[in-house]
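Down below is the structure, laid out as structure tokens.
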Amino acid sequence: MRLVAVVLNWNGGDDTLAALRSLDGIETICVDNGSTDGSDGAVAEQFPAVEVLRTGANLGFAGGNNAGLRHALERGADWVLLLNNDATAEPGLQEALERAAATRPDAGLLACTILDPDGSVQYAGATFNARLGYSGRVSTQRVPGLRDVGRADGAALAVSRDAVERAGLLDESLFMYVEDVDWSLRMRAAGFAVVLVPDALVRHKGSAASGGSASTTNLYYDTRNTIVVAERDAPLPRGARTLRRGVIVGAHLVQAAGHPSRFEAARAVVAGWRDARAGRLGQRSSR
């Protein structure tokens, strides 16, 4: 099994350097997704063995990772590990993924177990109910043994060459957020399993690409893209579709109520709903 890692640098600075440091010994590509902080130069200087692939613009999570995926597959990778630049791999990650790939040849996505910086579990499997537009409760219990899960988490996952060839790359129209859910659904529809690897451990800060906890960017994209992905995967009659949109918006408004900037957060949710309804995808416009 030839594993190549892809780290997406988005003005990542020290975070990107830490992510690359944690991948020592793994063939790695760093996709510079239009950074402006000089971190691409720091990567080239400090990690001469890491190839820096510059996109020249912010292509979003999906577009940036797809650039790295294509390049890794051109290099001959059997599996590609996508690691957020605000995440770090724990020792033994590569070996855990290799064991899982050998044990579960039906797997298209291998989901890593994601820890908070303090070591508590952030993600150990999750579901997505497209008919309800509900991502389900994320499991925070580590259970021994490989197991099938409904969706992987894009902060750290590995995808096989066969799965990409049959199910396709990440959906760039989503730009960022929920593209891991969409990919998981498409992988399963193509006949592949999404498998959680309990010993493939990664620590993840979270929300760095969207501006951190003070940003409302995540609420906009999560609202819009959840509606879009649910409607693609489970089309409903008009009345039921409207009800599902209302449930999704309501759930995100509850999140917005606890945001430091409640009014701006609620506006982001409503904007996400409007753009989903109008079919406006890609990067959010400044209108």
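Determine if region 62-72 includes at least one residue that is surrounded by fewer than 21 Cβ atoms within 10 Å (Cβ to Cβ) and over 26 Å from Val229 (Cα atoms).
yes
Of all residues in region 35-53, which are assigned to a helix (DSSP H, G or I) and closer than 23 Å to Glu74 by Cβ?
Asp40, Val43, Ala44
Go through the residues of region 5-22 one by one and say whether even a single one is in contact (Cβ under 8 Å) with a residue 24 or more places away in the chain, hydroxyl-bearing (Ser, Thr, Tyr) and surrounded by 24 or more Cβ atoms within 10 Å (Cβ to Cβ).
yes
Run Glu74 past the list (1) touching a residue at least 24 places away in the same chain (Cβ under 8 Å); (2) under 22 Å from Arg166 (Cβ atoms) and report the number of the one that doesn't hold.
(1)
In contact (Cβ under 8 Å) with a residue 24 or more places away in the chain, more than 18 Å from Tyr177 (Cα to Cα), of a type outside the set (Ser, Thr, Tyr) and part of a loop (DSSP other than H, G, I, E, B), is that true of Arg131?
yes
When residues of region 12-23 are filtered for being in a loop (DSSP other than H, G, I, E, B) and farther than 20 Å from His71 by Cβ, how many remain?
1
Restricting region 142-169 to residues that are in a strand (DSSP E or B) and not basic (Lys, Arg), which is surrounded by the most Cβ atoms within 10 Å (Cβ to Cβ)?
Step by step, filter region 142-169, then rank; the result is Ala158.
Can you tell me which residue is surrounded by the most Cβ atoms within 10 Å (Cβ to Cβ) among those in region 264-287 that are in a helix (DSSP H, G or I) and without any contact (Cβ under 8 Å) to a residue 12 or more places away in the chain?
Arg274
Kindly check whether there is at least one residue in region 77-88 that is among the acidic types (Asp, Glu), assigned to a loop (DSSP other than H, G, I, E, B), assigned by TED's automatic domain parsing to the domain that holds Asp171 and within 22 Å of Glu172 (Cα to Cα).
The answer is yes; a qualifying residue exists.
Determine, yes or no, whether Ala230 is farther than 19 Å from Gly136 by Cα and part of a helix (DSSP H, G or I).
no
Does Arg232 count as over 17 Å from the mean Cα position of the chain (by Cα), modelled with pLDDT of 95 or more and outside the structural domain of Trp79 (by TED's automatic domain parsing)?
In short, yes.
Just to verify a result, which residue in region 237-262, among those that are of a type in the set (Gly, Ala, Ser) and over 14 Å from Leu132 (Cβ atoms), is surrounded by the most Cβ atoms within 10 Å (Cβ to Cβ)?
Once the filter is applied, the top-ranked residue is Ala256.
Looking at Ala163, Ala89, which is the one that is in contact (Cβ under 8 Å) with a residue 12 or more places away in the chain, closer than 15 Å to Arg188 by Cβ and touching a helix residue (DSSP H, G or I) at 6+ places or on another chain (Cβ under 6 Å)?
Ala163
Looking at this structure, is Arg241 in a helix (DSSP H, G or I), within 23 Å of Leu157 (Cα to Cα), out of contact with any Pro (no Cβ under 7 Å at 6 or more places or on another chain) and without any contact (Cβ under 8 Å) to a residue 24 or more places away in the chain?
Considered against the rule, which asks whether it is in a helix (DSSP H, G or I), within 23 Å of Leu157 (Cα to Cα), out of contact with any Pro (no Cβ under 7 Å at 6 or more places or on another chain) and without any contact (Cβ under 8 Å) to a residue 24 or more places away in the chain, Arg241 comes out as no.
One residue is enough: does region 170-186 have a residue meeting the conditions over 19 Å from Asp222 (Cα atoms), surrounded by fewer than 23 Cβ atoms within 10 Å (Cβ to Cβ) and either modelled with pLDDT of 95 or more or assigned by TED's automatic domain parsing to the domain that holds Arg241 (or both)?
no
The values are calculated or read from the model by the stated rules, or taken from the named source; none is laboratory data. These numbers come from a predicted model, not from an experiment. So basically every Cβ, Gly included, is an ideal-geometry build from the backbone, and we count neighbours across all protein chains shown.
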